[in-house]
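The values are calculated or read from the model by the stated rules, or taken from the named source; none is laboratory data. Note that this is a predicted model, so its numbers are computed, not measured. All Cβ positions, glycine included, derive from the backbone under ideal geometry; neighbour counts span all protein chains shown. Just so you know, the surface numbers come from the protein's heavy atoms only, side chains and all, with ligands and any DNA or RNA stripped out. Shrake-Rupley method; radii C 1.70, N 1.55, O 1.52, S 1.80 Å.
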Amino acid sequence: MATAQVVSEKNYLNESKGLWSWLTTLDHKRIGLLYMVAVLTFFLLGGLFAMLLRVELFAPGKTIMDASQYNQVMTLHGTIMVFMVIIPGIPAFLGNFILPLHIGAKDVAFPRINLLSWYCLITGASIAFFSLFKNGVDTGWTFYTPYSIQTSNGTTFVVLGAFVMGFSSILTGLNFIVTIHTLRAPGMSFWRLPLFVWALYSTAVIQVLATPILAITLLLIAAERLLGIGIFDPKLGGDPVLFEHFFWFYSHPAVYIMILPAMGVVSELITAFSHKTIFGYKAIAMSSIGIAAVSFFVWGHHLFVAGQSEVAGIVFSFITMLVGVPTAIKTFNWIATLYKGSIQFQSPMLFALGFLFLFTIGGVTGIILATIGVDVHFHDTYFVVAHFHYVMVGGTLMAIMGGIYYWFPKIFGRMYNEFWARVTFVLIFVGFNVTFYPQFVLGSMGMPRRYYDYLPEYTSLNRISSVGAWTIGTGFLIALFVIIHGLLKGKKAEMNPWGAKTLEWTTSSPPPHENFINEPIVTAGPYEYR
Amino acid sequence: MSLATVIASINTLFISVVSHAAGGSFMPPQGTKVAEKVDSLYRFLAGASVISCILVFASMCIFAYQYRRRPGVKSAYISHNTLAEFLWSFIPFCIFMVAFAWGWYVYHDLRTMPKNAFEVHVHGQKWNWTFEYKSGRKSAGELYVPVNTPVRMIMDSADVIHSFYIPAFRTKQDVVPGRYSNIWFDIEKPGNYQVFCAEYCGQGHSAMLAKIHALPKDKFDEWLQNDPYKGLTPVQVGEAVFKARCTACHNATAEKKVGPGLQGVFGHQVDLEGGDKVTADENYIRESILYPAAKIVKGFPNAMTPFLGQLGEQELSGVIEYIKSLQ
Ligand SMILES: [Cu+2]
Ligand SMILES: [Cu+2]
């Protein structure tokens, strides 16, 4: 799609040296790596807590911790995974690294703001961690009032931490929107953007529009705790359900901050490894925008049993069904891309196919939950836990893993070990289903979520689930070794090891400081496999 | 094992999983008519889900195998196909609309409160459920209702949000402080049904359980007229109240739970937060039950909801006598 670039010896990794040069870097690629280090560290922590939860749930009653410790670990797991891993995971790490390369730009539009947003994440996370550990916050990641107003003092700081992390998200989104509008290489029209860019664009719109609502809501909680103004606490004349509305007005769109970029990654992986142009480019691009738009009007499905009016419940059920349509379009278009392709099965592709498998199950169970008459039974049970893990872990984490392996040669200029990468796929994929499929059954049987203890009839399914979780844990540990091994000992990577067609593969691996020695000139779409 | 037996056993497993998923037989036994309606809708949804998943997975696997990379074979260049794309957005849309309309119909039944229902007040608090009947009778943790009678629960919470969930009736409703919420059911057969708290409410959330006992009408009327404490000594009254209201947080032994274990407390010195000490006499225990925040025992959170107005004098002095007896 563009002329091949001159290869140079200097690249962004060896341009300058020392920790200080990293901490003050303005290069989007280095900032992407700073995010990678942060997100992987948080992920290991959040994963460790998940393992502990599954040990506790291996048997009813007390296994290794008491109820209040369990609730704290559950809060740690949820808060870390949502605010520090899945939200920044793909946009801020992979997006930061790939987006300018994808559109043929030297960097993002505001490199200083880009660095600032990383510091926002680190500052917010530090505040949250400090309080989570010191004060034993036990509200769950949803901070529902009035519980969060009455419980331990730490909540104020955790909420403040999430507030600061929110700015990281807003600034990244803003940066991406401006970058996509203003810094595209000559010839890179909107209809020639790779689908990952379309996904990041839709995500950025949600980040900029929705995150301020969360920020305001969290500030109101802090104000209520510190000043005693009565907004959410009925003892002061407030309404706790109002908090649920505010919270989900952000947190439902946030679900798409988590999944839309993953869909973008999967579009890249499927075309690259099928060596075939994407089926229905415009439909996939537009469905990202469609999902982003509709996502603002479905928050009420989290309040089907909370006491909102029945009419509201029915309207929200209807709108939620509409989100299913663009999602179905994407799925079918990916499958159609495989048709008459020339498919290879390196580990990134395995993760993309795994994504399709798990995301489809997450999607159809989402429709079941959107059906209001059935949701009344499933609401707040393990069915919901299973559903959103299929979407968030089966979807987003599979895409992150696939994306890391896919862009590994570009990011580090080295190859990872393909055999062990496939082993991680098998362990994570199998372990995932063993963990979460039984939770659908537990939910149907009526086991509520966030339960420290459970009735004896739920024991055997919980055991299976725990064993599955430890399998996933093993898979991710091996993946960590694959990454570190590739980083230190991997074979030198070529410029374009997968034979893919997007712009980042036309520059050297790893790319030079400003990405391209000669500004690329784009003459065709991103997936011209003819 | 030969390949054929492996395939055959995988096939049997698969069919049983599909029929289970599609048949909804993991759901608890149905206690009401509405539960049957919910289950038929769920069978439709599960069936449609299983079929669409099989379609997606099968085409994915077949294409992946059929079009694996082979030397000299190039991929086809297919940019889109308007008819196919229209069909695979329109057909799911129609299925979603059926699900939506059917869901609405079932939800209408779940949420339309019957007129002339038998009414019971429900109070949720950390971490137990209490029930108050119009006859003046109260019960804790055990709800007694007549069968074949529509029952409406009028629910409130003394502290944080709880949720009243009866899996056998396929219904739940959040219990929100500061307002009343409603739930109704009409039980078909006498029996016992499990109640859970489904909204996270703190340490005792998973212990916030209750049982519904559905009795034939005559038995229920008899129960309603009974004095539950008739012929009991104060210690026995206290023990009954303690088991229903206190065990989510307190042990009758010395072992601590959310709050202190109560064995051997009476008559002894108690260390308070802030360094004060107090001797546990009748007045101290009474105050700790009615106004728990007044004196916090060292090393414990201020987590107890006040019981002021919730216990009758007979029950309160019963509990105090019971705690005295734990030596
Ligand atoms: Cu939602
Ligand atoms: Cu609860």
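Annotations for the structure displayed:
- Of everything listed in (1) more than 9 Å from chain A (Cβ to nearest Cβ); (2) modelled with pLDDT under 90, the single unmet condition for B:GLY124 is (2).
- Selection of region A:104-113 for residues being within 15 Å of A:GLU514 (Cβ to Cβ) and either open to solvent by 10 Å² or more (accessible area, probe 1.4 Å) or at pLDDT 95 or above (or both) yields A:LYS106, A:ASP107, A:ALA109, A:PRO111.
Every residue, every condition in (1) open to solvent by 20 Å² or more (accessible area, probe 1.4 Å); (2) in contact with a Phe, Trp or Tyr (Cβ under 7 Å, 6 or more places away or on another chain), yes or no:
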{"residue": "A:LYS340", "(1), (2)": "yes, yes"}
{"residue": "A:ILE343", "(1), (2)": "no, yes"}
{"residue": "A:GLY354", "(1), (2)": "no, yes"}
{"residue": "A:ALA370", "(1), (2)": "no, no"}
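- Residue within region A:208-219 that is within 16 Å of ligand 2 (Cβ to nearest atom) and within 27 Å of A:GLY366 (Cα to Cα) present: no
- Options A:LEU218, A:LEU269; residue that is at pLDDT below 90 and buried (at least 22 other Cβ atoms within 10 Å of the Cβ): A:LEU218
- Filtered by the rule that a residue be in a helix (DSSP H, G or I) and either within 18 Å of B:ALA248 (Cβ to Cβ) or away from chain B (no Cβ under 13 Å) (or both), region A:54-70 gives A:ARG54, A:VAL55, A:ALA67, A:SER68, A:GLN69, A:TYR70.
- Any hit, region B:193-209, residues being charged (D, E, K, R), touching a residue at least 24 places away in the same chain (Cβ under 8 Å) and within 16 Å of ligand 2 (Cβ to nearest atom): yes
- Exclusive hit being assigned to a helix (DSSP H, G or I), over 16 Å from the mean Cα position of the chain (by Cα) and farther than 29 Å from A:TYR458 by Cα, set A:VAL364, A:VAL385, A:VAL323: A:VAL323
- Note on region A:293-320: among residues that are within 22 Å of the chain's Cα centre (by Cα) and either of a type in the set (Val, Ile, Thr) or at the interface with chain B (Cβ under 10 Å from one of its Cβ atoms) (or both), the one that is least open to solvent (accessible area, probe 1.4 Å) is A:VAL298.
- Looking across region B:297-327, just one residue is among the β-branched types (Val, Ile, Thr) and assigned to a loop (DSSP other than H, G, I, E, B), and that is B:THR305.
- Boolean, A:GLU514 is away from chain B (no Cβ under 14 Å) and of a type in the set (Asp, Glu): yes
- Residue in region B:42-70 that is nearest to A:PHE273 (Cα to Cα), counting only those that are within 7 Å of chain A (Cβ to nearest Cβ) and open to solvent by less than 30 Å² (accessible area, probe 1.4 Å): B:ALA64
- Selection status of B:VAL241, within 24 Å of A:LEU455 (Cα to Cα) and assigned by TED's automatic domain parsing to the domain that holds B:PRO146: no
- Residue match in region B:71-82 (condition: at the interface with another protein chain (Cβ under 9 Å from one of its Cβ atoms), surrounded by fewer than 19 Cβ atoms within 10 Å (Cβ to Cβ), under 30 Å from A:LYS340 (Cβ atoms) and modelled with pLDDT of 90 or more): no
- Region A:14-45 - residue that is surrounded by fewer than 20 Cβ atoms within 10 Å (Cβ to Cβ) and in a loop (DSSP other than H, G, I, E, B) and, of those, nearest to the chain's Cα centre (by Cα): A:LEU26
- Residue satisfying all of: in region B:196-214; open to solvent by less than 10 Å² (accessible area, probe 1.4 Å) and either within 16 Å of ligand 1 (Cβ to nearest atom) or more than 10 Å from chain A (Cβ to nearest Cβ) (or both); farthest from B:THR171 (Cα to Cα) among these: B:ALA214
- All positions within region A:301-317 that are more than 22 Å from A:THR145 (Cα to Cα) and within 14 Å of ligand 1 (Cβ to nearest atom): A:PHE316, A:SER317
Residue-by-condition table, conditions (1) hydroxyl-bearing (Ser, Thr, Tyr); (2) at the interface with chain A (Cβ under 9 Å from one of its Cβ atoms):
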residue: B:TYR133; (1), (2): yes, no
residue: B:TYR144; (1), (2): yes, no
residue: B:THR149; (1), (2): yes, no
residue: B:MET153; (1), (2): no, no
residue: B:PHE164; (1), (2): no, no
residue: B:THR171; (1), (2): yes, yes
residue: B:PRO177; (1), (2): no, yes
residue: B:PHE185; (1), (2): no, no
residue: B:PRO190; (1), (2): no, no
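- Which listed residue is free of Cβ contacts under 8 Å to residues at least 24 places away in the same chain, surrounded by fewer than 14 Cβ atoms within 10 Å (Cβ to Cβ), of a type in the set (Asp, Glu) and in a loop (DSSP other than H, G, I, E, B), from B:ASP227, B:ASP218: B:ASP227
- Screening region B:99-111 for residues that are touching a residue at least 12 places away in the same chain (Cβ under 8 Å) and open to solvent by less than 70 Å² (accessible area, probe 1.4 Å) and picking the one that is farthest from the other protein chains (Cβ to nearest Cβ) gives B:ASP109.
- Residues in region A:442-457 that are surrounded by fewer than 21 Cβ atoms within 10 Å (Cβ to Cβ) and not in a loop (DSSP other than H, G, I, E, B): 3 in all.
- Selection count, region A:252-300, where residues are outside any helix (DSSP H, G or I) and either charged (D, E, K, R) or within 16 Å of ligand 1 (Cβ to nearest atom) (or both): 2
- Cβ-Cβ distances below 9 Å connect the following pairs, each with a first residue in region A:239-265 that is within 14 Å of chain B (Cβ to nearest Cβ) and farther than 15 Å from A:VAL208 by Cα, a second residue that is of a type in the set (Lys, Arg) and more than 11 Å from ligand 1 (Cβ to nearest atom), and a separation of six or more residues or different chains: A:ASP239/B:ARG179; A:VAL241/B:ARG179.
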